[in-house]
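Working notes, structure below.
The values are calculated or read from the model by the stated rules, or taken from the named source; none is laboratory data. Please read these numbers as outputs of a predicted model, since none were measured by experiment. Cβ coordinates were reconstructed from backbone atoms using ideal geometry, including for glycine residues, and neighbour counts include every protein chain displayed. Note: accessible area is taken over every heavy atom of the protein model, side chains too, but ligands, DNA and RNA are not part of it. Shrake-Rupley method; radii C 1.70, N 1.55, O 1.52, S 1.80 Å.
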Amino acid sequence: MPAPQRRSRGRDRNNVLTRPEFMSLNQPPSSPQEIRSANRKSGGQYGNAGGEGARERRQSQQNQQMPEEDCMQLNPSFKGIAWNSLMAIDIAMSKSLGVCAHTTSSWGSARSMVTLIGITSHGFPWILGTIICLWNSNTLAGQEVLANLLLALLLDILTVAGLQKLMKRRGPYEVTPSVLDYLVLDVYAFPAGHASRATMVSKFFLSHLVLAIPLRVLLVLWAFSVGLSRIMIGRHHISDVIGGFVIGYLQFNFVEILWLSSSTCQMVSSLLW
């Protein structure tokens, strides 16, 4: 009889040694069957934890492979915060000024008139009118001024089209460009091509034409009203129009550096016509 008790004690001792447990002082020791069931549950929990850990690792690897624009930037820099704040203010103010964006807007009845103000600075009528005037011009001074104006208009279209294609910024409202806009590649919002062209043309006329003071004031007001009209119809943001004003002024200065003389204009006109 003593031999079986020794064997059972040896088995229990081996079980305890192979699976060490913390013994509680407040609860009685559990039976070997309860210890085995507890070990199975803990093993299942560890297996589930391992599976969850592997799943989290896969998700972290997928997040690392995601592009930067799809990830959240937890610690943005001060420049980024300032830039995003300015862009938010720009969008909010542009939308509040877009009173003629649609026919159902607050000033929707005046949309056609405001659109007409912007058309006065469109590239296609200005290029066509400059070519006709250059064809009918008989003086060397007139041909020189008109040839350089044509050069400035072509430079404006190429510059604005290149920058718009590079930035690809949409306007504050979903306004589809017109057919004339597609002709001069004025499809996107930044920079505002009408504003740059109005600034460049008004500065060109103020520098190379003898005008009375009222006409000079009207030219400046015309350039400003063109930029404002593009914001009112919801085609451009305020920053787009300001950028157009700056680019138009820089284009005028660049054309002044590349100014074509009368002899060069005669040579080019003889080759063209």
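What are the residues in the range 86-103 that are among the acidic types (Asp, Glu) and open to solvent by 70 Å² or more (accessible area, probe 1.4 Å), if any?
Once the filter is applied, which keeps residues that are among the acidic types (Asp, Glu) and open to solvent by 70 Å² or more (accessible area, probe 1.4 Å), the range 86-103 yields nothing.
Pairs please, first residue from the range 105-127 and in a helix (DSSP H, G or I), second anywhere and surrounded by 14 or more Cβ atoms within 10 Å (Cβ to Cβ) and among the basic types (Lys, Arg), Cβ atoms under 7 Å, 6+ apart in sequence or on different chains.
That search, which allows pairs on different chains as well, returns Gly118/Arg230; Gly123/Arg197; Trp126/Arg197.
Among the residues of the range 104-132, write down those that are open to solvent by 70 Å² or more (accessible area, probe 1.4 Å) and under 26 Å from the mean Cα position of the chain (by Cα).
The answer is Ile119, and nothing else.
Does any residue in the range 73-96 that is under 17 Å from Ser239 (Cβ atoms) and charged (D, E, K, R) come within less than 6 Å, Cβ to Cβ, of a residue that is modelled with pLDDT of 90 or more and not in a helix (DSSP H, G or I) six or more places away or on a different chain, and which pairs are these?
Asp90/His237
Checking Leu206 against (1) of a type outside the set (Phe, Trp, Tyr); (2) in contact with a helix residue (DSSP H, G or I) (Cβ under 9 Å, 6 or more places away or on another chain); (3) over 21 Å from Gln143 (Cβ atoms); (4) open to solvent by less than 50 Å² (accessible area, probe 1.4 Å), only one condition comes out false. Which one?
Going through the list (1) of a type outside the set (Phe, Trp, Tyr); (2) in contact with a helix residue (DSSP H, G or I) (Cβ under 9 Å, 6 or more places away or on another chain); (3) over 21 Å from Gln143 (Cβ atoms); (4) open to solvent by less than 50 Å² (accessible area, probe 1.4 Å), Leu206 breaks only (3).
Determine whether the range 140-159 contains at least one residue that is in a loop (DSSP other than H, G, I, E, B) and of a type outside the set (Lys, Arg).
Checking the range 140-159: not a single residue is in a loop (DSSP other than H, G, I, E, B) and of a type outside the set (Lys, Arg).
Please find, among Val175, Val201, the residue that is assigned to a loop (DSSP other than H, G, I, E, B), open to solvent by less than 40 Å² (accessible area, probe 1.4 Å) and out of contact with any helix residue (DSSP H, G or I) (no Cβ under 6 Å at 6 or more places or on another chain).
Checking each option against the conditions leaves just Val175.
Checking the conditions here, which among Ala101, Ala88 is among the aliphatic types (A, V, I, L, M) and part of a helix (DSSP H, G or I)?
Of the residues listed, the single one that is among the aliphatic types (A, V, I, L, M) and part of a helix (DSSP H, G or I) is Ala88.
Restricting attention to the range 258-266, does a residue exist that is open to solvent by 60 Å² or more (accessible area, probe 1.4 Å), of a type outside the set (Gly, Ala, Ser), part of a helix (DSSP H, G or I) and free of Cβ contacts under 8 Å to residues at least 40 places away in the same chain?
For the range 258-266, residues open to solvent by 60 Å² or more (accessible area, probe 1.4 Å), of a type outside the set (Gly, Ala, Ser), part of a helix (DSSP H, G or I) and free of Cβ contacts under 8 Å to residues at least 40 places away in the same chain: absent.
So the check is Cβ under 7 Å with 6+ separation or different chains; which pairs have a first residue in the range 173-196 that's closer than 14 Å to Gly227 by Cα and a second one that's open to solvent by 40 Å² or more (accessible area, probe 1.4 Å) and of a type in the set (Asp, Glu)?
No pair meets every condition.
In the range 226-244, what count of residues is obtained for those that are open to solvent by less than 60 Å² (accessible area, probe 1.4 Å) and either assigned to a helix (DSSP H, G or I) or closer than 12 Å to Arg197 by Cα (or both)?
Within the range 226-244, residues that are open to solvent by less than 60 Å² (accessible area, probe 1.4 Å) and either assigned to a helix (DSSP H, G or I) or closer than 12 Å to Arg197 by Cα (or both) number 12.
Residue by residue, here is whether (1) in contact with a strand residue (DSSP E or B) (Cβ under 8 Å, 6 or more places away or on another chain); (2) within 21 Å of Ser263 (Cα to Cα); (3) at pLDDT 90 or above; (4) not aromatic (Phe, Trp, Tyr) holds:
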{"residue": "Arg111", "(1), (2), (3), (4)": "no, no, no, yes"}
{"residue": "Gly118", "(1), (2), (3), (4)": "no, no, no, yes"}
{"residue": "Leu140", "(1), (2), (3), (4)": "no, yes, no, yes"}
{"residue": "Gly162", "(1), (2), (3), (4)": "no, no, yes, yes"}
{"residue": "Ala189", "(1), (2), (3), (4)": "no, no, no, yes"}
